[in-house]
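The structure under discussion appears below in the form of structure tokens.
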Amino acid sequence: RRIYDEAAVTFDSLFLAGKGDALPAIEALSLFYDFRELTPIGRRGDEMIRRLADRLVSVDVLYQASELLQHQIDNRLQGAARSQVATRLAVIYLMDRKAEKALSVLKSTRMAELSGELRTLRLLLEARALSDMKRTHLALEVIANIDRREAIRLRADILWAGKRFGESAEQIELLYGERWKDFEPLSETERADILRAAIGYALSEDTIGLGRLREKYSPKMVEAPDRRAFEIATAPFGSNAS
């Protein structure tokens, strides 16, 4: 019994106290599986497993990370804690291009007694999964009543994936609002988004949207590395962009 207790303390120090952080993630996983009977019962054990899963995700070992969390959901957790871990698992499934599994784990762990923040996050993930499954209309329905910036960006992505380029461009323009009035130069991410909006309007042959975007953002794009691409994308139809 004394040997077992000492081993349990060592196991705890490796996976909860940070002493095993120097181990490569795969070695840590192998060690965990070899001695998983030492996993504490209750919250400490659950936290141990989640930390190990996070380490595996950080080095792109997604399958093993998802197995750990799926085992928790199936065998160790109940209630809100189960739904919260299922949300983490859905993220991993989406990273691993397994949209059907992400959607399944979200649906199987639905419950009414969840915080508004977690409920919103789960809806965003559900919409992403549906979009990845080419179910564009249903994906948009899931987040129709969410007005947060994350939802606007996700709508833009869903519409783009559904080849509804003009509507996607409108969402990008909505996302940035009055940003074109600010003196601060656009970041690399912002320039990429504005360029995508321009391409979206061009692909949908929306001359009004294209003209509006050109008028707003030409001053900010004129000194940017993407200047030429923006000029070509926003050129009036029928003009010579060469």
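Based on what the data block shows, is residue 214 part of a helix (DSSP H, G or I), out of contact with any Asp or Glu (no Cβ under 8 Å at 6 or more places or on another chain), of a type outside the set (A, V, I, L, M, F, W, C) and open to solvent by 20 Å² or more (accessible area, probe 1.4 Å)? For residue 214, the condition - part of a helix (DSSP H, G or I), out of contact with any Asp or Glu (no Cβ under 8 Å at 6 or more places or on another chain), of a type outside the set (A, V, I, L, M, F, W, C) and open to solvent by 20 Å² or more (accessible area, probe 1.4 Å) - is met. Looking at this structure, is residue 118 under 15 Å from the mean Cα position of the chain (by Cα) and surrounded by fewer than 19 Cβ atoms within 10 Å (Cβ to Cβ)? When the stated conditions are applied, residue 118 passes them. For region 124-139, the criterion of being under 28 Å from residue 207 (Cβ atoms) and open to solvent by 20 Å² or more (accessible area, probe 1.4 Å) is satisfied by at least one residue. Scanning region 133-158 for residues that are polar (S, T, N, Q) and free of Cβ contacts under 8 Å to residues at least 24 places away in the same chain turns up just one, 145. Restricting attention to region 165-183 and to residues that are buried (at least 20 other Cβ atoms within 10 Å of the Cβ) and in contact (Cβ under 8 Å) with a residue 40 or more places away in the chain, the residue that is nearest to residue 198 (Cα to Cα) turns out to be 169.
The values are calculated or read from the model by the stated rules, or taken from the named source; none is laboratory data. Predicted, not measured: the structure shown is a model, and the values here were computed from it. Ideal geometry is used to build each Cβ from the backbone, glycine not excepted, and the neighbour counts take in all protein chains shown. Side chains are part of the model used for accessible areas, which takes the heavy atoms of the whole protein and leaves out ligands, DNA and RNA. Shrake-Rupley method; radii C 1.70, N 1.55, O 1.52, S 1.80 Å.
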